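What follows is a short report on a single structure.
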Number of protein chains: 2
Amino acid sequence: MLLHQFFKLRTIARNSQSPFSSLSISLSSSSPMAAAAASSEDSLRKALADKQSAVDAQGNAVRALKAASAAKPDIDAAIAALNALKLEKSSIERSLQSILSVADTRESFRHAVTNTLERRFFYIPTAKIYGGVAGLYDYGPPGCDVKLNVLSFWRKHFVREEQMLEMDCPCVTPEEVLKASGHVEKFTDLMVKDTKTNNCFRADHLLKDYCNEKLQKDLTLSPEKVAELKNVLALLDDFSPEELGAKIKEYGITAPDTQNPLSDPYPFNLMFQTKIGPSGLQTGYLRPETAQGIFVNFRDLYYCNGNKLPFAAAQVGQAFRNEIAPRQGLLRVREFTLAEIEHFVDPEDKSHPKFAEVADLEFLMFPREEQVSGQSAKRIRLGEAVSKGIVNNETLGYFIGRVYLFLTRLGIDKDRLRFRQHLANEMAHYAADCWDAEIECSYGWIECVGIADRSAYDLRAHSEKSKVALVAQEKFLEPKEVEKLVITPSKKEIGLAFKGEQKKVLEALEAMREKEALDMKAALESKGEVEFEVCQLKKTVTINKKMVTIQKEKKIEHQRVFTPSVIEPSFGIGRIIYCLYEHSFYMRPSKAGDEELRVFRFPALVAPIKCTVFPLVQNQTFEAVSKLISKSLTAADVSHKVDITGTSIGKRYARTDELGVPFAITVDSESSVTIRERDSKDQVRVDVEKAASVVKELTEGQSTWADVWSNFPHHSSAAAED
Amino acid sequence: MLLHQFFKLRTIARNSQSPFSSLSISLSSSSPMAAAAASSEDSLRKALADKQSAVDAQGNAVRALKAASAAKPDIDAAIAALNALKLEKSSIERSLQSILSVADTRESFRHAVTNTLERRFFYIPTAKIYGGVAGLYDYGPPGCDVKLNVLSFWRKHFVREEQMLEMDCPCVTPEEVLKASGHVEKFTDLMVKDTKTNNCFRADHLLKDYCNEKLQKDLTLSPEKVAELKNVLALLDDFSPEELGAKIKEYGITAPDTQNPLSDPYPFNLMFQTKIGPSGLQTGYLRPETAQGIFVNFRDLYYCNGNKLPFAAAQVGQAFRNEIAPRQGLLRVREFTLAEIEHFVDPEDKSHPKFAEVADLEFLMFPREEQVSGQSAKRIRLGEAVSKGIVNNETLGYFIGRVYLFLTRLGIDKDRLRFRQHLANEMAHYAADCWDAEIECSYGWIECVGIADRSAYDLRAHSEKSKVALVAQEKFLEPKEVEKLVITPSKKEIGLAFKGEQKKVLEALEAMREKEALDMKAALESKGEVEFEVCQLKKTVTINKKMVTIQKEKKIEHQRVFTPSVIEPSFGIGRIIYCLYEHSFYMRPSKAGDEELRVFRFPALVAPIKCTVFPLVQNQTFEAVSKLISKSLTAADVSHKVDITGTSIGKRYARTDELGVPFAITVDSESSVTIRERDSKDQVRVDVEKAASVVKELTEGQSTWADVWSNFPHHSSAAAED
């Protein structure tokens, strides 16, 4: 994954670039509801402005009547009308406020989730006894187990299913690799400093916070101002340092804590730097992604695959970003686990033999068109998305489908999952197409997986710098006469015309795809010159006939040598897990109704512990049976926990519900036990000898609770769960 | 794991501190053989010295005869006797050389292993296309799979078997944690610089190389010199910078590449340093071990375990050591995977309820006594080792047994595995006992697992620095009158007597165990003063009556509050895997006898791929059947690879033997296939539908090859493997 996408992975709430404002996301809403909220916000703001005018006018009328010493009944009537208008205005204000205060609801929900997570030691700030460090968290036992389960399923679902080649490279990465990839130069965020305390802030965050705060709290904004602020939010990610600095000055934004003036924004490189070896001369960085370890080894991977395409390599491991000012808890951290796939493919054939297996999936997609035209995400059949060209090619489509299956099987709510296509200005110039799996949580829509067709960019960059050809060959059975489209820019003419920008123009010309090049050729022949967009320069330049020759040439060739394209699904494991926590969390009243019990409805696949074993009461017989069952569960490799405390069975159930343990075995006799399912709270009675194997089959997906429910006698224990 | 042990984990060939010299390790020898080699080396050196004296004497005799113009026959006879002596001397020299040249045999074996590993992409130097970096390696697909398999078995064998609490903490660690643990101050190696080029070297390595080279190449060394050099090798790890510097000067050791003079040795901290956040003010380090993440979270872990002891926490992850000059390939690297267990236990009760399960294991142990008295490792029953007090306590013994089972089940040769106890001078002063699992490979005996009873040191260090009590409580059923031994040093007296050393004396007094303290009390009462060894000062000091009060006091207490002891098994995963490669590697002639085929005899548990599927010849039917079987294997989650190339079946078998793939399914008909076992090369015939499940049961250990061999018809294919 490269430059442009970094900003993507680091840009959490995508709403700034989508027609959804950050205000329009309600906690439990699916996208259409959010869109409805957005439109009612607009109409309420308009109604409020109208009502304010009416109040003003009526106020003037009252004052005029008074000035003219009108009759008291007339004045009273006018005042009554004014008061009525004010009441109506207040009512509109309340409505608007209630929409805008969705943020509070989201925050209190988030608080309930994170409070449970911290209390049950899913995570804890790193080195908490020393005061912690921003952006670093330890996963405690249940959090660690959830992560291991997610990664283990990831390997089964992706690596083994497609027989991918998995790599394992160090975190410490020599500088050369990250120079070639562009990270040393461009992996930056814009920073401002408090001019007095030297505290550092992310420039875009300050501007974003300012706009959001205004939009949320200031009900008197004019429609023009609302539009302006929303526009700033939408363009924020593309602002240059100068543009950002100008906006910060214009809005009078100061340091949040001290109100001191701020410095101009300047780029801060987000990689952790270190020195390799004792001399201090060799610079290393902690890798910002795992992908580069695969790219630099392409030659050996290709050989390992019998010199055949397509194939995929994968890597799971820690990645690092020295965030300027981390916030949003587990979502924006300085060290995190990435799981990345690099699927190498012949650029001339991006079909996928297994696409048919996912073609009939239908889920929320949010194509570029819909975003630009202000529509919302909609359910599209994947096969249709590919056949209509909404998704660039079958391989990209195949991975989108597989990612959908992966996330939903983990327990992500399919109504709060969408695949959003990158807008033209979000994508790197070389990328063919890019989709993000976004999951909605209390922070908004979060990019959790990026699925990009990165063309040949990465392999070319490393080939160029290392002088090692990272290419594939296709041997022809017979020598072939090949017609090739050859684009030959004239360096001299382009140099003269574009001076310092010539390199980017050259690159862009050479990177043209066939259709684009043929269109240019036709235009140059008919009109002599043509407008040409250079993405990297963010502008359009004029290309004339002398600057480039485009022609088809015939050659005899024995093989094709080419740089493979790479399609890259890249998973932010910590983000997926955090969203999963929110989607799995719910509260239900205790039996006595006196408290709210918290439950994670993890599927067994994900649950940190699969099963608990409880002796109903403290007695030697029940404890002996519990030990026996524990032994069988260990032998069957089912992770479990025995709780022999004397606490009431209801409390023990509640305790493990909070951890998302799906099944509980309660020992209440020597010969048989009950098995309880977490969400239904239903129980069946099973022989002691069978208990472990019933749970094993349930947790490994060989049977469902419905099967068990129909095969075993039901057990009702009305008194238990109090 | 802490200070002293670092040197341990970083000291690879333990021979420098054991009676085995590095010369005495033969490639395939078990310890007794190595010991025999060592003793024959000594006797040969003695015989050579004696023969040299005889040659010298006879030479003098010949010269005397000539000088005295003796009769020719007498002179001729004397010369003949001299020549005979010289011949005998040469023969002894050859014998000695052949013992000393074991190193060459080891090197050529190692070369065969690493060559196969690199060629088959088990590993590759990191960023090889940019020239690589010393001490950093990428694991390619088979290496990565082996590592995942080892870790997966580790979790099953340790974490789930004992229901340990697994943690997952970041690599980037704030400075406070590593200050408290002592790493910031003491995690160093002694370095010397080439005074002209500034190249850096490890001082102890240069001295060690010098001694080893002398011992190996110089046959004329006097017995005194041999003893001196061996003594230096034995003491090397304990040398102060001054002692090391003096020896380097005395032996005239210079920079290996340039022969330039060297600087004095000085400590170099081995942690990779970085800055957290943009201000540059917050220092962080890449963790040198994973254990600290567990210690700082003790309070939450204890709570998580229901405030009960004993329990164990575990962590698997990357650790980092910025080695001065890495060598020994995969054994000494700058980034590596550690798997660590911290088992917290009441210091007053280190029994283990499951010790009986391992008590009857018998394997090579190398207790302190045997090392000091020049004996060799011997087979001891674990139960006996604990009952005789050779191993300090049951819990330590239990883990030694579990580690033995773990390593041998992975495929480590039990005859090249020993548990070596730390000598007194190797152990930290606070450690109760410490054993290393050492595995013999071509580099000598390698410490791969450390199993230490670290007492309460780590938790106390963090309690003290963080001011957070990391303690456990035992509530008494009834309040108890407790007699406590209270050691009260007089800070004033000790300060006066020991000045700058007072802190270490104080610590050592307070750290005395009950018996030691009572002995001191008695001695002080009878003699008024006593000699007391302060390990940290490496010397003995005199303590008098005024300096310390030791007395038993009675108190009424409702609970005991205490700092738990920790028993720590710490696994260097990369080292275990490298030794496993060597132990699994063998060569066998091809059928035609024209080449040596290389095989890794990995157990299925470890093998990177469990099974290959080969259509016997390229044809549509066989390929269709292969696809079908592949699909069943994927569904059963058995990692496998289909090879449809037209290469001969023998070559395809050889290819996968090199990867250690245990089973191969060859499709030679529509209805049935053959399954081949790697090491015996035996084949059985199995129905197509059953193939996947037969392999699944084999690889998951539900059946053995012997079972399969007796249940299915045998297939002989004499022609296949050529």
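The values are calculated or read from the model by the stated rules, or taken from the named source; none is laboratory data. Because the structure is a prediction, the values reported are computed rather than measured. Here the Cβ positions follow ideal geometry from the backbone for every residue, glycine too, while neighbour counts run over all protein chains shown. Each accessible area value is taken on the protein alone, full model and side chains, heavy atoms only, with ligands, DNA and RNA left out. Shrake-Rupley method; radii C 1.70, N 1.55, O 1.52, S 1.80 Å.
Quick notes on this one:
- Bins of 5 Å from zero: percent of alpha-carbon pairs in the range B:284-380: 2, 10, 12, 12, 13, 16, 18, 11, 5, 1
- Label-point spacing at B:Ala624 relative to the other copies reads 6.1 nm, in ascending order, each point sitting 7 Å out from Cα along Cα→Cβ.
- Buried between B and A is an accessible area of approximately 6300 Å², summed over both sides with a 1.4 Å probe.
- Debye log10 I(q)/I(0) at q = 0.14, 0.17, 0.25 Å⁻¹ for the range A:609-651, Cα point scatterers: -0.30, -0.44, -0.84
- Note on A:His714 and B:Thr254: their simple-model spin labels are 9.2 nm apart, each label 7 Å out from Cα toward Cβ.
- Pairs of Cα atoms nearer than 8 Å and 6+ residues apart set the relative contact order; for chain B it is 13 percent.
- Measuring from each Cβ of chain A to the axis carrying A onto B, the nearest residue and its distance in whole Å come out as A:Thr274, 2.
- Relative compactness, the range A:392-450, computed as alpha-carbon Rg over 2.2 N^0.38 Å: 1.17
- Length-normalised contact order for the range B:267-368 - Cα pairs under 8 Å, 6+ apart - percent: 25 percent
- Listed peptides B:352-358, B:447-453, A:174-180 by packing density, highest first (mean Cβ within 10 Å): B:447-453, A:174-180, B:352-358
- Using the rule -39500 (n - 2.57) for each DSSP H run of four or more residues, divided by the residues of chain B, the 222 nm mean residue ellipticity is -12500 deg cm²/dmol.
- Over the range A:630-674: Kirkwood hydrodynamic radius from C-alpha pairwise inverse distances, Å: 11.7 Å
- Estimated FRET transfer efficiency (B:Lys631, A:Glu516; beta-carbon r; R0 45 Å; 0.05): 0.65
- B:Gln282-A:Gln473 pseudo-label distance in nm [points 7 Å out on the Cα-to-Cβ vector]: 5.3 nm
- Based on every Cα atom in the range B:215-311, Rg and the maximum pairwise Cα distance Dmax equal 23.4, 67 Å.
- Oblate is the label for the range A:445-553, because a/c, from the alpha-carbon gyration tensor with a ≥ b ≥ c as root eigenvalues, is 1.5 or above and a/b does not exceed b/c.
- Assigned charges on the beta-carbon of Lys, Arg, Asp, Glu; the protein assembly as shown dipole about Cα centre (debye): 1800 debye
- Apportionment of accessible area to carbon and sulfur, the protein assembly as shown, percent (1.4 Å): 52 percent
- Panel values: the range A:567-722, Kirkwood radius from alpha carbon pairs, Stokes-Einstein at 10 °C and 1.306 mPa s, translational diffusion coefficient 98 µm²/s.
- Kyte-Doolittle mean at least 0.0, axial Cα span of 30 Å or more - DSSP H helices of chain B: B:72-100
- Exposure of B:Leu281 as accessible area (Å², to 10), given a probe of 1.4 Å and all protein chains: 150 Å²
- Over the range B:478-525, the reciprocal of the mean inverse Cα-Cα separation, the Kirkwood hydrodynamic radius, stands at 12.3 Å.
- Residues B:Asp138, A:Asp346 ordered from highest to lowest accessible area at a 1.4 Å probe: A:Asp346, B:Asp138.
- 37 °C / 0.692 mPa s Stokes-Einstein diffusion coefficient of chain A, Kirkwood radius on C-alpha pairs, µm²/s: 111 µm²/s
- Shielding of B:196-208 by partner chains, average beta-carbon count, 10 Å: 1
- Anisotropy class of the range B:298-442 from Cα gyration tensor, a/c 1.5 cut: oblate
- For the range B:577-645, the alpha-carbon radius of gyration amounts to 1.40 times the rule-of-thumb value 2.2 N^0.38 Å expected for a compact globular protein.
- In nanometres and ascending order, the distances from the B:Pro73 label point to those of the other copies are 17.2 (point 7 Å from Cα along Cα→Cβ).
- Cα-based shape type of the range A:507-659, given that a ≥ b ≥ c are square roots of the gyration tensor eigenvalues and the cut on a/c is 1.5: prolate
- For the range A:152-210, radius of gyration divided by Kirkwood radius, i.e. Rg to Rh on alpha-carbons: 1.24
- From the C-alpha gyration tensor of the range A:84-217, square roots of 5λ in Å: 40, 26, 19
- Semi-axis lengths, largest first, of the ellipsoid equivalent to the range B:510-566 are 25, 17, 8 Å, with √(5λ) applied to each eigenvalue of the Cα gyration tensor.
- The range A:625-692-the range B:200-242 distance, computed between alpha-carbon centres (Å): 62 Å
- Relative contact order for the range B:337-410, counting Cα pairs under 8 Å that sit 6 or more residues apart, in percent: 32 percent
- Computed with a 1.4 Å probe over protein heavy atoms only, the accessible area of A:Glu242 comes to about 130 Å².
- Expressed in Å, the radius of gyration and Dmax of the Cα atoms of the range B:293-344 are 15.5, 46.
- Packing-based order for B:430-436, A:252-258, A:597-603, using average beta carbon neighbours within 10 Å, highest first: B:430-436, A:597-603, A:252-258
- Bins of 10 Å from zero: percent of alpha-carbon pairs in the range A:641-722: 17, 56, 26, 1
- Sorted from closest to farthest, the other copies place their A:Glu161 label points 3.3 nm away, with each point set 7 Å from Cα along Cα→Cβ.
- Projected-area average for the protein assembly as shown over all orientations - Cα convex hull basis, square nanometres: 78.0 nm²
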